[in-house]
């Protein structure tokens, strides 16, 4: 990860004012209040989190948003967890975190979750495609060969009430806007969709309920994108 350059001049704000603006946006977007009979899930690429220069107020405002949800998939977590620990200090004491180790671009992935709503179960694993299966990862009109994920998706099983499910945190390869990098991303998307479909159908799967969350680096949400069609190819339901 490479931190972005700081704004010049530095952006100044009043934390209390920005928090009120966030709460107004929450109402405008129709984000529900937490309740016993609903699970609120979100995903957030936190961008160079642990490397990017951020103030305590910056992180407190990020915690404000995360606290609206019961489960948040997080991407771009650096080796240093100092900012993550600071973020947790701004969240209610019931919030927990579980993380992968670093992968491509020196990034971790994982989940923040409210342990008052969710119980973490035994499964915590990275998703990988065996070399013997890689020849199945191919799509019409998509160049190249699948050679594995740049950042293996991270799967963790949870229980919320009577619902057991496997949540998968994803950050698909980006590279560039060049066609060959988008094709590589499309192959990753198809590999992910195929894995989710296989686990959904497998009688011995830890859970057949698969919730995929993350940064898909989706250039456009229509069939003109190979990434979009790859995600849909194995019946992933996109919001």
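The values are calculated or read from the model by the stated rules, or taken from the named source; none is laboratory data. Keep in mind that what you see is a predicted model, and the values were worked out from it rather than measured. We place every Cβ from the backbone using ideal geometry, glycine too, and count neighbours over all the protein chains shown.
Take residue 189 and decide whether it is touching a residue at least 24 places away in the same chain (Cβ under 8 Å), out of contact with any strand residue (DSSP E or B) (no Cβ under 7 Å at 6 or more places or on another chain) and buried (at least 18 other Cβ atoms within 10 Å of the Cβ).
Values: touching a residue at least 24 places away in the same chain (Cβ under 8 Å): yes; out of contact with any strand residue (DSSP E or B) (no Cβ under 7 Å at 6 or more places or on another chain): yes; buried (at least 18 other Cβ atoms within 10 Å of the Cβ): yes.
For residue 189, the condition - touching a residue at least 24 places away in the same chain (Cβ under 8 Å), out of contact with any strand residue (DSSP E or B) (no Cβ under 7 Å at 6 or more places or on another chain) and buried (at least 18 other Cβ atoms within 10 Å of the Cβ) - is met.
Yes/no matrix, rows are residues, columns are (1) modelled with pLDDT of 95 or more; (2) crowded, with 17+ Cβ neighbours inside 10 Å; (3) on the phi < 0 side of the Ramachandran plot:
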site: 46; (1), (2), (3): yes, yes, yes
site: 49; (1), (2), (3): yes, yes, yes
site: 53; (1), (2), (3): no, no, yes
site: 61; (1), (2), (3): yes, yes, yes
site: 77; (1), (2), (3): yes, yes, yes
site: 86; (1), (2), (3): yes, yes, yes
site: 100; (1), (2), (3): yes, yes, yes
site: 105; (1), (2), (3): no, no, no
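Taking segment 86-96, which residues are more than 22 Å from residue 158 (Cα to Cα) and without any contact (Cβ under 8 Å) to a residue 24 or more places away in the chain? Of everything in segment 86-96, just one residue is more than 22 Å from residue 158 (Cα to Cα) and without any contact (Cβ under 8 Å) to a residue 24 or more places away in the chain, namely 89. If you go through segment 146-175 and keep only what is within 21 Å of residue 103 (Cα to Cα) and either assigned by TED's automatic domain parsing to the domain that holds residue 36 or free of Cβ contacts under 8 Å to residues at least 12 places away in the same chain (or both), you end up with just 175.
Under 18 Å from the mean Cα position of the chain (by Cα), assigned to a strand (DSSP E or B) and within 29 Å of residue 123 (Cα to Cα): which single residue out of 44, 68 fits that description?
44 is the lone residue from the list that is under 18 Å from the mean Cα position of the chain (by Cα), assigned to a strand (DSSP E or B) and within 29 Å of residue 123 (Cα to Cα).
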